[in-house]
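Right, one structure below, let's go through it.
The values are calculated or read from the model by the stated rules, or taken from the named source; none is laboratory data. All values reported here derive from a predicted model rather than from experimental measurement. The protein model used for the area step is the full one, side chains on, heavy atoms only, and it has no ligands, DNA or RNA in it. Shrake-Rupley method; radii C 1.70, N 1.55, O 1.52, S 1.80 Å.
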Amino acid sequence: MNKKKEKEIFDKLYKTAKENIHNSYSPYSKFKVSAALLANDGTIYTGINVENSSYGLTMCAERVAIFKAVSEGKKNFEAILLYTENESFIPPCGACRQVMTEFDPDLTIFLTNVYGEYKKMKLSDIFKWNFSL
Ligand code: THU
């Protein structure tokens, strides 16, 4: 991915994730997370965290996006972007790393902050020894 393509993808995913964060259902933690996942056919799937009064049933934004895509027959992805309203870059949790690695251990991940800055990495940089059957 060259720099121009990287910036184009970032801009599109950042705008999408930012616009959708209001849908985050997070009355308990008050921590809103929004994800935007780019499938390799160009479709963008959004995801937000969905909490539950039975806390352990909470679902992260990344997995919502991945499951939406897979349920529509998409399994090849270009990149996923995570957006929060934080000043710092928030990485995906371990469960989401395992779910993402199922489809692409080298998936490109954009961590972002509220200032519109980003860090680009590969899933394999932050998840080295995944469980697989
Ligand atoms: N959360 C995500 O949506 N993605 C992550 O990778 C980490 C955590 C959500 C779950 C919960 O609703 C809130 O952040 C606080 O843990």
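Within the assembled protein chains, the solvent-accessible surface assigned to Val50 is about 60 Å², based on a 1.4 Å probe. Hey, which of these cross-link pairs are over 29 Å Cα-Cα: Lys30/Lys75; Lys30/Lys119; Lys3/Lys128; Lys30/Lys128; Lys30/Lys74; Lys32/Lys128? Over 29 Å apart, Cα to Cα: Lys30/Lys75; Lys30/Lys128; Lys30/Lys74. Computed in the context of the full set of protein chains, the accessible area of the chain at 1.4 Å probe radius has 54% of its extent on carbon or sulfur. Where both bridge residues fall in the chain, DSSP classifies roughly 80% of the beta bridges as antiparallel. Maximal additional length on extending the Asn2-Lys68 stretch stands at 21.0 nm, based on 0.36 nm per residue less the C-alpha distance. By the Kirkwood approach, averaging reciprocal distances over each pair of separate Cα atoms, region 3-126 gets a hydrodynamic radius of 14.2 Å. Sorted largest first by accessible area at a 1.4 angstrom probe radius, with every protein chain in place, the residues Met59, Met121, Met1, Met100 fall in the order Met1, Met59, Met121, Met100.
The sum of -39500 (n - 2.57) across all DSSP H runs of n ≥ 4, divided by the residue count of the chain, sets its helix-only mean residue ellipticity at 222 nm to -9500 deg cm²/dmol.
Ligands, DNA and RNA are left out, and with a 1.4 angstrom probe the accessible area of the chain is 56 Å² per residue.
Of all aspartates and glutamates in the structure, the ones whose alpha carbon falls short of 14 Å from that of Lys7, not counting any fewer than 8 places away in one chain, are Glu78, Glu117.
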